[in-house]
Amino acid sequence: MTTFLIRLFVKNPEDIKNPFVRERYGLLGSWVGICCNLVLFLSKLLIGLISASVSIMADAVNNLSDAASSIVTLVGFKISAKPADEDHPFGHARVEYIAGLVVSFIIIFLGIQLGLSSINKIFTPEPMSVSLVTIIVLILSILMKLWMSFFNRNLGNRINSSTLKATATDSLNDVIATSGVLISVIIYFFTSWNLDGYIGVVVAGFIIYSGINVIRETVSPLLGEAPTLELVDEIQNKLLSYEGVLGIHDLMVHNYGPNRCFASVHAEVSATENILVSHDLIDTIERDFALELGIHLVIHLDPIIQDDELTNTLHSLVINCIHEIDPLLSIHDFRAVQGVTHTNLIFDIAVPHNFVSSDKELAYLVNQAVKNYDESFHCVITVDRSYLSTTINTTK
């Protein structure tokens with residue numbers, strides 16, 4: 001069914017990096033959600049009114065809010081597909097994250113409402129009128145919501161959409177909520193035990209918990225989360241595959257929404273290479289990243305000296321000193337400037353994000369360690385704090 005709907009409504013469904021294809025996926029998920037939830041709302045509302053069950057009517061309102069959530073998703077995908085403009089030069093793709101955040105708040109609000117109505121039902125229980133039709137409608141509702149969860153999860157995984165994944169989670173919550181209602185109805189049908197309110201409280205707690213988890217997943221990219229280790233490795237391995245790139249450091253990756261990835265990096269090349277040749281290499285790499293990975297990459301060129309014996313010796317000395325402080329530290333942009341009375345050792349230190357010492361303390365420790373070898377050495381240090389989950393400083 002899912003494959004049929006995708007082929008029917010999404011043109012070129014495999015071209016998921018195309019913002020228009022992505023928008024079609026989002027619109028498909030939204031319209032399916034609106035139609036299905038309206039059908040469920042009307043059927044449950046009717047059954048709830050007939051049976052006088054607060055949990056069934058709360059479940060009906062839950063489905064109505066799901067329809068509203070689908071409308072939010074629909075609007076979110078429409079806005080996120082808008083191209084860049086003067087006020088938003090990186091596009092509007094982050095609106096999709098905001099839409100997912102709105103859906104998660106709706107999930108929590110409904111959980112609270114269901115919890116309050118369930119508590120009220122515990123203290124003021126009312127007799128219910130349950131029939132076989134009620135049970136059948138609830139079972140069909142569970143099956144439909146289960147399919148909707150798989151459907152939205154499928155779409156969300158295809159285009160890596162946090163909004164559709166949040167909608168899938170919401171549908172799965174509805175399966176659990178309606179299952180709880182069904183259990184209470186069946187128990188009442190056979191035993192006349194009214195557990196309507198108690199089961200409603202348990203289901204409400206689970207829904208609130210799930211909504212909080214969805215918020216965590218949605219807020220993280222809005223705040224600017226670190227890129228995945230898989231993406232970092234892919235960028236690193238591809239950069240180092242080019243002949244002429246000797247090493248990389250200071251990699252920064254920015255996410256402005258799904259398929260809106262911008263990155264910058266320093267690439268080390270030989271100082272003896274013709275500058276025009278190195279510049280052509282950098283241009284080629286930037287074009288390849290845009291075409292093959294969809295990443296807008298900006299590369300800063302760092303020429304390094306490889307054939308000077310004194311520079312290499314001093315470079316090794318500094319590396320040994322910083323590794324005695326912490327093996328995870330690394331250096332780049334190393335230069336040695338000799339003077340009459342002293343030698344300046346100029347370099348940057350790449351520091352992991354969880355390194356506890358301050359920049360001044362680290363610079364002092366390194367400077368003292370180097371001076372233990374020769375008092376004439378003076379370190380000029382720039383400390384680079386990592387913007388990744390791990391510090392990248394690679395030299396072939």
Inset, instruction - Go over the candidates LEU164, LEU182, LEU143 one by one and state the one that is within 36 Å of the chain's Cα centre (by Cα), in the same structural domain as PHE41 (by TED's automatic domain parsing) and surrounded by fewer than 21 Cβ atoms within 10 Å (Cβ to Cβ). - result: LEU143
Legend entry - Of residues in the stretch 338-359 being under 14 Å from LEU314 (Cβ atoms) and of a type in the set (Val, Ile, Thr), the one surrounded by the most Cβ atoms within 10 Å (Cβ to Cβ): THR343
Inset, instruction - For SER104, state whether it is touching a Phe, Trp or Tyr at 6+ places or on another chain (Cβ under 8 Å) and part of a helix (DSSP H, G or I). - result: no
Legend entry - Contacts under 9 angstrom Cβ, first residue in the stretch 122-141 being without any contact (Cβ under 8 Å) to a residue 60 or more places away in the chain, partner part of a helix (DSSP H, G or I) and of a type in the set (Phe, Trp, Tyr), 6 or more apart: LEU132/PHE189; ILE135/PHE189
Legend entry - The lone exception for GLY197 - which of (1) under 29 Å from the mean Cα position of the chain (by Cα); (2) closer than 30 Å to LEU116 by Cβ it fails: (1)
Legend entry - Spans of helices (runs of 4 or more DSSP H) in the stretch 1-81 with at least 3 residues under 25 Å from ALA177 (Cα atoms): 19-51, 54-80
Inset, instruction - Answer yes if at least one residue in the stretch 145-161 is out of contact with any Leu (no Cβ under 6 Å at 6 or more places or on another chain), free of Cβ contacts under 8 Å to residues at least 12 places away in the same chain and closer than 30 Å to PRO13 by Cα, and no otherwise. - result: yes
Legend entry - Residues of the stretch 287-314 that turn out to be at pLDDT below 90, within 17 Å of ILE248 (Cβ to Cβ) and not in a strand (DSSP E or B), as a count: 2
Legend entry - All positions within the stretch 232-274 that are without any contact (Cβ under 8 Å) to a residue 12 or more places away in the chain and either part of a helix (DSSP H, G or I) or in the same structural domain as ARG158 (by TED's automatic domain parsing) (or both): ASP233, ASN237
Legend entry - Residues that are within 17 Å of ALA350 (Cα to Cα) and in contact (Cβ under 8 Å) with a residue 40 or more places away in the chain, drawn from the stretch 305-328: LEU317, VAL318, CYS321, ILE322, GLU324, ILE325, LEU328
Legend entry - Out of LEU28, LEU46, LEU40, LEU5, sole residue that is over 17 Å from SER104 (Cα atoms), free of Cβ contacts under 8 Å to residues at least 24 places away in the same chain and not small (Gly, Ala, Ser): LEU46
Inset, instruction - Those residues that are of a type in the set (A, V, I, L, M) and exposed (fewer than 14 other Cβ atoms within 10 Å of the Cβ), I need them from the stretch 76-91; list them, please. - result: ALA84
Inset, instruction - Could you pull out the residue among LEU362, LEU328 that is surrounded by fewer than 17 Cβ atoms within 10 Å (Cβ to Cβ) and of a type in the set (A, V, I, L, M, F, W, C)? - result: LEU328
Legend entry - Residue that is nearest to the chain's Cα centre (by Cα), among those in the stretch 85-101 that are of a type in the set (D, E, K, R) and outside any helix (DSSP H, G or I): ARG94
Inset, instruction - Sort out which residues of the stretch 65-91 are among the acidic types (Asp, Glu) and over 13 Å from GLY29 (Cβ atoms), and write them in order of number. - result: ASP85, GLU86, ASP87
Inset, instruction - Scan ALA60, ALA84 and give me the residue that is under 19 Å from SER171 (Cβ atoms) and in the same structural domain as THR167 (by TED's automatic domain parsing). - result: ALA60
Inset, instruction - Kindly list the number of the only condition in (1) modelled with pLDDT of 90 or more; (2) of a type in the set (Phe, Trp, Tyr); (3) farther than 24 Å from ALA271 by Cα that fails for PHE377. - result: (3)
Legend entry - Of all residues in the stretch 352-383 being in contact with a helix residue (DSSP H, G or I) (Cβ under 7 Å, 6 or more places away or on another chain) and assigned to a strand (DSSP E or B), the one that is farthest from THR311 (Cα to Cα): VAL383
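The values are calculated or read from the model by the stated rules, or taken from the named source; none is laboratory data. Note that the structure is a prediction, hence the values are computed from the model and not measured. Using ideal geometry, Cβ is built from the backbone for each residue, glycine included, and neighbour counts are taken over all protein chains shown.
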